[in-house]
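For reference, the structure discussed in these notes is given below.
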Amino acid sequence: MDHFHLKDGALWCEDVPLERIAAEVGTPVYVYSTATLERHAQVFRAGLAPVGRVHFAFAVKANPNLAVLRVLAKAGYGADIVSGGELARALAAGMAPADIVFSGVGKTVAELEAALSAGIGQFNIELEEEGRVLAALAAARGQVAQAVLRVNPDVDARTHAKISTGKAENKFGVGVDQAPAIFQRLAGLPGLNLRGVAIHIGSQLQTLDPLEAAYVRIGALVGELRAAGHTITHVDLGGGLGVPYRAGDIFPSPAELGAMMARVTRDWDVTIMVEPGRVIAGNAGVLLTRVIWVKPGVLYPHVIVDAAMNDLARPALYDAWHDFAAVRPSGVHETVNIVGPVCESGDTFATGRLTDQVAGGDLAVFRTAGAYGATMASTYNSRGLVPEVLVSGARYAVVADRIAPSTILAAERVPEWL
């Protein structure tokens, strides 16, 4: 459920008409619903209640907007981060350092030092060398870094290849067969408390079967490590639960995930850590856009909107689907291609899509754009960066300014010899 709904014949976000936001902020613009973020955070937490001891950390990469993070911090969520920049954002949003988990395959020494200085709660170690460097850095400071070893369980998430992270050929984690020996070598290092293991097999999972297979595999590893004399207190199970991008799609619910997770982990006696991202933020946002032209085509008309692949990259990157809807629908539908103005054939949101009929000047939205939307934006074709708006009841605020091409140009320099 989200809080985007038709009222008086037009689409509103909570108690604010999208037409008002378009008139006052301009398009394209991302619009987020506070009520939806809060509801999804609560539903996910409630769904995992049967698991027992659970730590919730929002995957900042899904939506790093400071205001969005503040909403989730107030909902009791920590942060799963993958860079020093995300660390700074999580702290600025008011997330407690102890509730921050540092994932990511390429942490630099400077990022490790910044995280140690902040006193974060957990490092997810990706390779043995990283663990050794982290231990040395912490010991030199008189600190003990709380850490787990990320393991690649070699489980196919059955999702898009570019968002699959748990197969043997993927770059993340250490092989499950190598994990016991690496754990043994790292566990005794001063400056490091290696307290468990972590997995994350991918994003946008449509079924719980791959997750259960991965959990079973990691549970066996926990037993093996304990048999070798190691103390295991934390297991990080990552995130990845999918959301319906197409109207009518059915995905596993947080309650179904929680029931399965509780069943598989009931004898582990550990704190379970989870990092939801898309499932919290995805349906909490839309990309509001205006139709520039409707251009006749050979097979279908081309609906050219002012949003483009640099504003919402997922369709170009993954052939991803986003439902397209008129802000003021007439009830008439038409089969069209939906494209942006960028000079690439890849700047296509939909081909042969039956959708609301629109005309030049009409407003429309790409739904389920609250995750992996604005955060992946670029300035390709010297376009500006899209603004972001947060709605709460009858109020809204611009929570990220539109960055104009002129501002971006002003940051560049021509060397004096030219």
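The values are calculated or read from the model by the stated rules, or taken from the named source; none is laboratory data. Since the model is a prediction, treat every value here as computed from it, not as a measurement. When we count neighbours, we look across all protein chains shown, and the Cβ atoms used for this are built from the backbone with ideal geometry, even at glycine. The protein model used for the area step is the full one, side chains on, heavy atoms only, and it has no ligands, DNA or RNA in it. Shrake-Rupley method; radii C 1.70, N 1.55, O 1.52, S 1.80 Å.
A few points about this structure:
- Residues of the stretch 258-285 classified as under 23 Å from the mean Cα position of the chain (by Cα), polar (S, T, N, Q) and surrounded by fewer than 24 Cβ atoms within 10 Å (Cβ to Cβ), total: 1
- Residues that are assigned to a helix (DSSP H, G or I) and in contact with a Phe, Trp or Tyr (Cβ under 6 Å, 6 or more places away or on another chain), drawn from the stretch 281-297: Ala284
- Among the residues making up the stretch 1-19, those that are farther than 14 Å from Arg367 by Cβ and in contact (Cβ under 8 Å) with a residue 40 or more places away in the chain are Gly9, Ala10, Glu14, Asp15, Val16, Glu19.
- The stretch 353-368 residues that are at positive phi and touching a residue at least 24 places away in the same chain (Cβ under 8 Å), paired with ones that are in a strand (DSSP E or B) and not charged (D, E, K, R) (beta carbon under 7 Å, 6 or more apart): Gly361/Val291
- The residue that is least open to solvent (accessible area, probe 1.4 Å), counting only those in the stretch 1-32 that are in contact with a helix residue (DSSP H, G or I) (Cβ under 8 Å, 6 or more places away or on another chain) and acidic (Asp, Glu), is Glu14.
- Checking Trp12 against (1) touching a Phe, Trp or Tyr at 6+ places or on another chain (Cβ under 9 Å); (2) within 19 Å of Ala374 (Cβ to Cβ), the condition it does not meet: (2)
- Taken together, Val358, Val336 contain a single residue that is crowded, with 22+ Cβ neighbours inside 10 Å, over 26 Å from the mean Cα position of the chain (by Cα) and assigned to a loop (DSSP other than H, G, I, E, B), which is Val358.
- A count restricted to the stretch 399-418 and to residues that are touching a residue at least 60 places away in the same chain (Cβ under 8 Å) and open to solvent by 70 Å² or more (accessible area, probe 1.4 Å) stands at 1.
Every residue, every condition in (1) open to solvent by 50 Å² or more (accessible area, probe 1.4 Å); (2) free of Cβ contacts under 8 Å to residues at least 60 places away in the same chain; (3) in a helix (DSSP H, G or I); (4) among the small types (Gly, Ala, Ser), yes or no:
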position	(1), (2), (3), (4)
Ala316	no, yes, yes, yes
Gly331	yes, yes, no, yes
Glu344	yes, yes, no, no
Thr351	yes, yes, no, no
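- Residues within the stretch 52-66 that are closer than 13 Å to Ala400 by Cα and surrounded by fewer than 20 Cβ atoms within 10 Å (Cβ to Cβ), tallied: 1
- Within the stretch 20-54, tally of residues that are closer than 25 Å to Ala308 by Cα and either basic (Lys, Arg) or free of Cβ contacts under 8 Å to residues at least 12 places away in the same chain (or both): 3
- Among the conditions (1) open to solvent by less than 40 Å² (accessible area, probe 1.4 Å); (2) within 16 Å of the chain's Cα centre (by Cα), Leu116 misses just one, which is (2).
- Within the stretch 180-207, restricting attention to residues that are modelled with pLDDT under 95 and of a type in the set (Gly, Ala, Ser), the residue that is surrounded by the fewest Cβ atoms within 10 Å (Cβ to Cβ) is Gly188.
- Residue match in the stretch 208-222 (condition: assigned to a loop (DSSP other than H, G, I, E, B), open to solvent by 50 Å² or more (accessible area, probe 1.4 Å) and either without any contact (Cβ under 8 Å) to a residue 40 or more places away in the chain or small (Gly, Ala, Ser) (or both)): no
- Residue tally, condition part of a helix (DSSP H, G or I), under 23 Å from Ala46 (Cβ atoms) and under 17 Å from the mean Cα position of the chain (by Cα), over the stretch 69-106: 5
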